[in-house]
1. Determine if segment 102-120 includes at least one residue that is surrounded by 19 or more Cβ atoms within 10 Å (Cβ to Cβ), under 20 Å from the mean Cα position of the chain (by Cα) and within 18 Å of residue 208 (Cβ to Cβ).
2. Since residue 87 meets every condition but one in (1) over 22 Å from residue 45 (Cβ atoms); (2) crowded, with 16+ Cβ neighbours inside 10 Å; (3) small (Gly, Ala, Ser), which condition does it not meet?
3. Test of understanding: among 66, 76, which residue is farther than 29 Å from residue 202 by Cβ, in a loop (DSSP other than H, G, I, E, B) and open to solvent by 40 Å² or more (accessible area, probe 1.4 Å)?
4. Looking at 37, 3, which one is modelled with pLDDT under 80 and of a type in the set (Gly, Ala, Ser)?
5. For segment 153-166, state whether one or more residues are more than 23 Å from residue 127 (Cα to Cα), open to solvent by less than 20 Å² (accessible area, probe 1.4 Å) and out of contact with any strand residue (DSSP E or B) (no Cβ under 6 Å at 6 or more places or on another chain).
6. Consider segment 150-177. How many of its residues are part of a helix (DSSP H, G or I) and either closer than 18 Å to residue 130 by Cα or of a type in the set (Asp, Glu) (or both)?
7. Check whether at least one residue in segment 133-148 is closer than 29 Å to residue 22 by Cβ and open to solvent by 30 Å² or more (accessible area, probe 1.4 Å), and report yes or no.
8. Among the residues of segment 206-221, is there at least one that is surrounded by fewer than 18 Cβ atoms within 10 Å (Cβ to Cβ) and at pLDDT 90 or above?
Amino acid sequence: MESNVHVIRGIFQSKAYIQKVSEQEQVLIKPILLKTSLLVGMSLLLSTLLGLAGYHTEEISKLVNQTSMKEIEALQFYHVLGLGLKGLILPILYVLLSSSLSYLFMREIKWGVLVHIHLLFVWFLLLNQAIELGLFYFFGIPSISSPLSLGIVGQILLDHPLFIHILSHINLVYLGGVLYITLLLKSVTSRKKLEIGLIVVGIHLLLAIIAAGISVINIDSLLGL
């Protein structure tokens, strides 16, 4: 029960919570596992709902007149399963990569503290995912065309799918999360905000490029069905 209270407190009193964690001689593993389990569960749920709503099934739909309904249903099942696995794995990969990269540049902060901070950023990723679900389910708008991102601008100005997907990952929610963790990091280090901000922006730009590359690879694999 006490651990659950700490999880909730970490969300709504994040700055004070992170400062308290940074002052501990040893960062406790149990709160990290509780937070991770909660966030991964929510990510799995949202990703599965996106799959059930028909998200990114355009190429499968093109095969309706070319193959049997049984095969179409199998493809749809594996598509939903793939999105579910993506929702299961990506939050963990994000926290591990972002925390490790941050530790390379800010060794004065304990790695466990960085994990706590980046777990809080996952809430922004989940909010963005929920917005994606709402835009697609109610309006048929995919994430690449979200009015909250630069994806639309990318589609107008650029032809290369990689750059378009990179811009689609840059949205108001993502930028808000970057600012949020910059302020949290500032509360546990004496570095200047500008220096911290450049580190955070650089790391998340790299992660956005990686995510965009994965999206392009997925699209290419779908085209090969």
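1. Among the residues of segment 102-120, at least one is surrounded by 19 or more Cβ atoms within 10 Å (Cβ to Cβ), under 20 Å from the mean Cα position of the chain (by Cα) and within 18 Å of residue 208 (Cβ to Cβ), which makes the answer yes.
2. Against the list (1) over 22 Å from residue 45 (Cβ atoms); (2) crowded, with 16+ Cβ neighbours inside 10 Å; (3) small (Gly, Ala, Ser), residue 87 comes up short only on (1).
3. Working: 76 fails: in a loop (DSSP other than H, G, I, E, B).
66 is the lone residue from the list that is farther than 29 Å from residue 202 by Cβ, in a loop (DSSP other than H, G, I, E, B) and open to solvent by 40 Å² or more (accessible area, probe 1.4 Å).
4. Details: 37 fails: modelled with pLDDT under 80.
The match here is 3.
5. no
6. Here is the first cut: in segment 150-177, the ones part of a helix (DSSP H, G or I) are 151-157, 161-169, 172-177.
Then drop every residue that is not either closer than 18 Å to residue 130 by Cα or of a type in the set (Asp, Glu) (or both), which leaves 151, 168-169, 172-177.
Matching residues across segment 150-177 total 9.
7. To start, the set of residues in segment 133-148 that are closer than 29 Å to residue 22 by Cβ comprises none.
Looking through segment 133-148, none of the residues is closer than 29 Å to residue 22 by Cβ and open to solvent by 30 Å² or more (accessible area, probe 1.4 Å).
8. Looking through segment 206-221, at least one residue is surrounded by fewer than 18 Cβ atoms within 10 Å (Cβ to Cβ) and at pLDDT 90 or above.
The values are calculated or read from the model by the stated rules, or taken from the named source; none is laboratory data. Everything numeric in this text was worked out from a predicted model, so none of it was measured. Please note: Cβ atoms are built from the backbone with ideal geometry, for glycine as well, and neighbour counts cover all protein chains shown. Calculation scope for accessible area: heavy atoms of the full protein, side chains included, ligands and nucleic acids excluded. Shrake-Rupley method; radii C 1.70, N 1.55, O 1.52, S 1.80 Å.
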